[in-house]
Each structure stands twice: as structure tokens, then as C-alpha cells.
Amino acid sequence: MTTDPYQAIKELGAAPLWQYYGNLFPVEPQSAAVPYVWRYQDLRPYMLHFAEVLSLQEAERRVLMLVNPGLQEPPATVNSLYAGIQIILPGETAQAHRHTASAFRFIIEGQGAYTTVNGERVDMHPGDLLLTPGWHWHDHSHDGAGPMMWLDGLDYPLVNKLEAGFFELLGQRMQGSTVPDNFSSRKFIHGRLSPRWDAPGGAHSPIGNYPWKETEQAFSGIADDAEGSHTEGIILEYTNPWTGGSVMPTMSCRISRLRPGFRGFAHQHTASTIYHVVRGQGESIVDGDRLTWAEHDTFCVPGWARYEHTNLSMSQDAILFSYTDEPVMRALGLYRVASN
Ligand code: 1HN
């Protein structure tokens, strides 16, 4: 053989597995994402700045992406999921589009804005969770006073890795309203009694808005001394009424209450998680990094990172909204936990 056989097989589109084994088959996952906190009080002035200098005619959406330092290109917050903070001003509209990536909004501050999802106008209030399942038309409007800000969550990093991303503009800026406002939330308002006149749905929840006032009621109905989770406190999952499972096939959305002084057990799982602080202050130790957090901050726990949460207040609850790709991991038989 005259030529280098390694060079020759490379030119033939082949590679020696023995040189790749360790990287392709690590003993355990090592996420490219790093533990990180995005501080709302630091980002908020820039949200207001861009609201002043950039119109929604120029930007499809006015959003600051929360980019993990380990996942810059393409930008993502954890391996499979994305978080961003969006701002819309009174009188503005964000034009109608749809994509196969699923999305939700968790409302941070403001009043008077709404989104229209497949013809249903859905109002926004702080603490509400609004769903935009994949391939649903959505546009945003603001008829109130003052800026409105929310956290966007999407699964596009996963959808794009699966090469299943499609995007389409409606062709007119805003959708018409085709059903009564907030129709789906009122239709499914009672979690244990679902309408049976429609054919039961499937993969995603039919509910446009899970209002904060119901979330609060759910917490107030649970005894203060309820055991809760040793790692996440009193954690509730927003459910799809058709299945009892996660609100969307790729993302489970949750809300948890860490009682004053709560100190969670250390824990790790293959699912990646993004947390958003509704209120309170605390710290999470994630793979040895101490992430301190306060109201409206967002932080991440990459897959297989070992983490523990602490509520640093001895008198106030800490309330954490979170979303995770756990449904994907479970569906694929890849969900694993370790807690020693
Ligand atoms: C999107 O469509 C919205 O509709 C927000 O408000 C953030 C981030 C990436 C891709 C699409 C929205 C997004 C997004």
C-alpha cells in the first residue's frame, strides 16, 4: 500500500471507529451547556432600551435570547430548550406566524396584552402560562398601558436537531378572532371534568392559558406540611387534560413552592431544566457552581448536572416556574436519575 490507509479511507467517506469510541460513548453524559443565571434586573434596562430603538416592524419579535455560554451557535439555553425574554409596548402588534417548534409564554410583568392562538384571543396576566403548541398560528397585541414582558420557552433546539423545523408567515399581520376570548381556559376550567362533546385531543393541551390565580389556588389547597418532593419542594405539573401528562409532547411545565428554609436533596437526571423565579430568593448548587437567584431571574440545570435548591429566606416562600425535556427522555427510554 503506497498511500496512507487512514487518508485513503477518509477520502472514501469512512472513519476508524477505534479513534472515536471514547467521545461517541462517554461513560456518562457531559452536557455542552453550563450552569448559568440570567439576572432580570440587569437585563430589564436593555429590554426597555431596545423597545425604544427597535420597532416591531423591524423585528419579527423583540426578544433577548438567554444564551448558554456553552451553546452559542446555534444559540440555545440548554441542549434541547430555549428561553428568551420578550417585550411589547402599548399599541404594538407582533405579526402572525407559525412554526413546528412548540412554545409557551410565562408572563413576568405588565397588563393589557394578549396573544391570539389559532383564532382564540388569550389574555396575559403576570404568572399566567400561555401555550402555543407546534404549528399553531400566533400573534401578539398590546392594548393596555406600560411595557409587557414575558419569558418565552421553546423546544426549537431539539426540533432543529431533528431537522423537523418549518416556519410560515400567515400573510396578513394579525389573525381574526374566531372563537370567544379565553374560550379554552373557560371550557377546561375544572381540571377533573373535561368536555366530552369534542373528540378527545392528543399530544398537546387544548388550554390557551393556565391562569396564575388558579395556580395560587392549587398551592393554597395543599397543606403547608405536605411532604412534597425532597428535591423540588411542593412541585405541581401543568397537565394536558386529555392525557394527564405534560402540556406539550416535548416540554413539561411545572411550578414549585420551596417553603421558607427549604433545602433540597442533591439529585441528577438526564433531563435538562430551565427555571424561572416567580418570587423569592435562593441558591442552587449545580455541578459545584453556586447560582444565587432572585425574583424574575432565569437559571438552568443542564442534563445530568447534579443540583440542589435552597430557599435562603426563613420567612418567605420561593416560587419557581420550570420546564424540562423530561417527556422526551421518558418517551425514548433515556430518562435516568441518580441521587446519591
Ligand atoms: C417566536 O415565534 C416567539 O412567537 C418568541 O413570540 C420567541 C424564539 C425563537 C423562535 C421563534 C413568539 C421565539 C420565536
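The values are calculated or read from the model by the stated rules, or taken from the named source; none is laboratory data. Keep in mind the model is a prediction, meaning the values are calculated, not measured. All Cβ positions, glycine included, derive from the backbone under ideal geometry; neighbour counts span all protein chains shown. Note: areas computed on protein heavy atoms with side chains; ligands, DNA, RNA excluded. Shrake-Rupley method; radii C 1.70, N 1.55, O 1.52, S 1.80 Å.
All told, Leu158 meets the bar of being outside any loop (DSSP other than H, G, I, E, B), more than 12 Å from the ligand (Cβ to nearest atom), modelled with pLDDT of 95 or more and open to solvent by less than 50 Å² (accessible area, probe 1.4 Å). The set of residues from the stretch 1-45 being hydroxyl-bearing (Ser, Thr, Tyr), open to solvent by 60 Å² or more (accessible area, probe 1.4 Å), within 30 Å of Pro75 (Cβ to Cβ) and part of a loop (DSSP other than H, G, I, E, B) comprises just one member, Tyr20. You will find that of Thr215, Thr178, the residue that is open to solvent by 20 Å² or more (accessible area, probe 1.4 Å) and either more than 16 Å from the ligand (Cβ to nearest atom) or closer than 22 Å to Ser102 by Cα (or both) is Thr178 and no other. Of a type in the set (Phe, Trp, Tyr) and without any contact (Cβ under 8 Å) to a residue 60 or more places away in the chain, is that true of Phe188? In short, yes. Would you please name the residue that is nearest to the ligand (Cβ to nearest atom), looking only at residues in the stretch 161-172 that are out of contact with any helix residue (DSSP H, G or I) (no Cβ under 8 Å at 6 or more places or on another chain) and among the small types (Gly, Ala, Ser)? If we take residues in the stretch 161-172 being out of contact with any helix residue (DSSP H, G or I) (no Cβ under 8 Å at 6 or more places or on another chain) and among the small types (Gly, Ala, Ser), then Ala164 is nearest to the ligand (Cβ to nearest atom).
If you go through the stretch 46-72 and pick out every residue that is within 16 Å of the ligand (Cβ to nearest atom), loosely packed, with under 12 Cβ neighbours inside 10 Å and under 23 Å from His276 (Cα atoms), you end up with 1.
To keep it simple, each residue is scored yes or no on (1) within 16 Å of the ligand (Cβ to nearest atom); (2) over 24 Å from Ile319 (Cβ atoms); (3) within 17 Å of the chain's Cα centre (by Cα); (4) not in a strand (DSSP E or B).
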{"position": "Ile85", "(1), (2), (3), (4)": "yes, no, yes, no"}
{"position": "His125", "(1), (2), (3), (4)": "no, no, no, yes"}
{"position": "Leu130", "(1), (2), (3), (4)": "yes, no, yes, no"}
{"position": "His140", "(1), (2), (3), (4)": "yes, yes, no, no"}
{"position": "Gly153", "(1), (2), (3), (4)": "yes, no, yes, no"}
{"position": "His190", "(1), (2), (3), (4)": "no, no, no, yes"}
{"position": "Pro195", "(1), (2), (3), (4)": "no, yes, no, yes"}
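Applying the condition of being touching a His at 6+ places or on another chain (Cβ under 6 Å) and not charged (D, E, K, R) to the stretch 79-105 and asking which residue is most open to solvent (accessible area, probe 1.4 Å) yields Pro90.
One line per residue, one yes/no per condition, for (1) over 20 Å from Pro126 (Cα atoms); (2) open to solvent by 20 Å² or more (accessible area, probe 1.4 Å):
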| site | (1), (2) |
| --- | --- |
| Glu237 | no, yes |
| Gly244 | yes, yes |
| Met248 | yes, no |
| Ser256 | no, no |
| Pro260 | yes, yes |
